[in-house]
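Every read-out reported here was derived from the displayed coordinates using simple, explicitly stated rules and does not represent laboratory data. All values derive from a computational prediction rather than experimental measurement. Please note: Cβ atoms are built from the backbone with ideal geometry, for glycine as well, and neighbour counts cover all protein chains shown.
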Amino acid sequence: MSTSILVTGGAGYIGSHTVLELLSAGYEVTVVDNFCNSHPEALNRIEHLSGRSLRRIEADVRDTSALVNALRISNASAVIHFAGLKAVGESVLQPQRYYDNNVVGSLRLLEAMAQCEVKTLVFSSSATVYGSPLSLPYREDHPLAPTSPYGHSKSMVEQVMRDTVASDAACRFATLRYFNPVGAHSSGLIGEDPQGVPNNLLPFVAQVAIGKREHLNIWGADYDTPDGTGVRDYIHVVDLALAHLRALDALAIPPSKTGKGQYLALNIGTGKGYSVLEVLAAFREASGMPIPSRIQARRPGDIASYYADPAKAKTHLGWVATRSLVEMCADTWRWQKGNPDGYQQR
Ligand code: NAD
Ligand code: UDP
């Protein structure tokens, strides 16, 4: 019998790419999503691409009994927890909504897992848990000092996970600290579908390329970076999805006989930083589109530069990112061109 995995937020951007890889690898998948920031069409396309079906349950992760039910009917042996709200700026304006969704949602999930004796969890954390870099690249032992309610919500859940593992030697938990996920599946059938004006660089660039927006605003060209624009560690979403499968493999290995549970906190990035101008040049190359841009003042709260040290993920998961910046741009462009309105049918 194949292994069954429960995926919360599986219709979202990263979740959908991970669910596709899970199905392709032979796992049974149950998705729990309330579709507050996604479209069920993503799940139809995953079934089409994988040639397999998945179980979908429309529910909120804060609903413990719905989660218990989902764990029971799926007979899941592990959970990958993507469900959450992710806009940093919005979290500053609506902190309670973010803590409720991200922290309370995770607590309810842990409660449901405990009731059903499911002990394996992979959690979506973020590089934002580190805050302003004291040293770069960020290593996992960099102090955690988030600067937004969103970042705090992630580090709070990490703390709850650490304490839970310390209290229960049967728990095997991994927290994956994502850097900047971009790109789309190479089929062009699933990808990122931002609502409203995109905040993130790649979705905005893609919308300029397709003619939905006039020009890219480059938020600051006076940073202490090689070309003055902000530097980030962009990671292809399929590389990121595959890290979750490697994490499940690593957590399936019986822990040592120390009597302690297993807790892994790992950076998931490429280790290489690219500037806004480098991304723009790569996107122009991949799309053949001109993409006008204008230099503007810095965006409040932005950090000049950050990128991962991904060595620990290589050691513990045997995982490294392999897809290049040009592939990230080419795949984003294929998705954008084929789906100018995302999953909404015209
Ligand atoms: P997304 O918004 O595309 O996906 C999140 C999914 O969770 C959506 O399908 C949404 O409908 C669902 N969801 C949200 N709240 C829910 C709730 N209470 N109950 C049930 N479903 C709910 O976001 P994403 O980019 O795929 O991110 C996935 C996870 O990774 C999030 O936890 C996010 O914080 C984290 N993360 C994302 C990034 C990024 O840049 N995309 C970076 C670091 C970490
Ligand atoms: N950026 C930009 N214009 C945009 C969006 C982003 O110049 O319209 C810059 C931003 O200042 C940062 C980089 O692109 O240096 C990545 O921004 P994003 O919001 O994608 O990621 P984050 O800053 O959250 O890591």
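Would you please put 203-210, 178-185 in order of how densely packed they are, using the mean number of other Cβ atoms within 10 angstrom per residue and starting with the highest?
Descending mean neighbour count gives 178-185, 203-210.
Under a point spin-label approximation (7 Å from Cα along Cα-to-Cβ), what is the Ile295-Gln94 distance to one decimal in nm?
Taking the two extended label points, one gets 3.6 nm.
Assuming R0 = 41 Å, can you tell me the calculated FRET efficiency for the pair Ser24 and Lys212, based on Cβ-Cβ distance, to the nearest 0.05?
0.85
How far apart, in nanometres, would the label points at Val104 and Asp302 be if each is projected 7 angstrom from Cα along the Cα-to-Cβ direction?
In this crude spin-label approximation the distance works out to 3.5 nm.
Over the chain, calculate the relative contact order: mean separation of alpha carbon pairs under 8 Å at least 6 apart, over the residue count, as a percent.
That works out to 19 percent.
Restricting to DSSP H runs of at least four residues, report the calculated mean residue ellipticity at 222 nm for the chain, -39500 (n - 2.57) per run over all residues, nearest 500 deg cm²/dmol.
Counting only the DSSP helices, I get -11500 deg cm²/dmol.
Using alpha-carbon pairs under 8 Å, 6+ residues apart, how would you state the relative contact order of the stretch 115-248 in percent?
Averaging sequence separation for qualifying contacts and normalising by length gives 25 percent for the stretch 115-248.
Using a 10 Å cut-off around each Cβ, can you sort Leu134, Leu109, Leu242 from fewest to most neighbouring Cβ atoms?
By the 10 Å Cβ count, ascending: Leu134, Leu242, Leu109.
Which of Leu121, Leu93, Leu144 ends up with the largest GNM mean-square fluctuation for the chain, with Cα atoms connected below 10 Å?
Leu93
Spelling out what I want: for every residue of the stretch 129-142, take phi, set θ = phi - 60°, compute 6.51 cos²θ - 1.76 cosθ + 1.60 (Karplus), and round to whole Hz; glycine and proline get x.
5, 7, x, 4, x, 7, 7, 10, x, 5, 9, 4, 8, 4
Restricting everything to alpha-carbon atoms, can you work out Rg to Rh for the stretch 33-109 with a Kirkwood hydrodynamic radius?
Across the stretch 33-109, the Cα-based Rg/Rh ratio is 1.01.
If I model a spin label as a point 7 Å beyond the Cα along the Cα-Cβ vector, how far apart are those points for Ser2 and Thr147 in nm?
4.4
Only residues of the stretch 22-37 count here: report those whose backbone N is under 16 Å from the spot 7 Å along Cα→Cβ of Gln344, or say none.
Only 36-37 fall inside the zone, counting backbone N under 16 Å.
If neighbour count is taken as other Cβ atoms inside 10 Å, put Asp341, Asp63 in order from fewest to most.
Asp341, Asp63
Out of Ala87, Ala241, Ala265, any idea which swings most in a Gaussian network model of the chain, alpha carbons joined below 10 Å?
The residue with the greatest mean-square fluctuation here is Ala87.
Expressed as a fraction of 2.2 N^0.38 Å, the rule-of-thumb size for a compact globular protein of N residues, what is the C-alpha radius of gyration of the stretch 228-346?
Working it through for the stretch 228-346, the quotient is 1.36.
Using r as the Cβ-Cβ distance of Glu58 and Ala169, and R0 as 30 Å, what FRET efficiency do you calculate, to the nearest 0.05?
Once the sixth-power term is evaluated, E becomes 0.30.
Subtract the Cα-Cα distance of Ser187 and Ala252 from 0.36 nm times their separation in residues, and report this length gain in nm to one decimal.
20.4 nm
Looking at the chain, identify the longest residue range that excludes and avoids all GluC sites (Glu not before Pro) in DSSP loops having at most 12 other Cβ atoms within 10 Å.
Longest run free of exposed loop sites: 215-346.
Can you tell me the length gained on complete extension of the stretch Ser132 to Asn69, counting 0.36 nm per residue apart and subtracting the Cα distance?
18.6 nm
Only Cα pairs within less than 10 Å get springs; with that Gaussian network setup on the chain, which residue of Arg162, Arg294, Arg52 has the largest fluctuation?
Arg294
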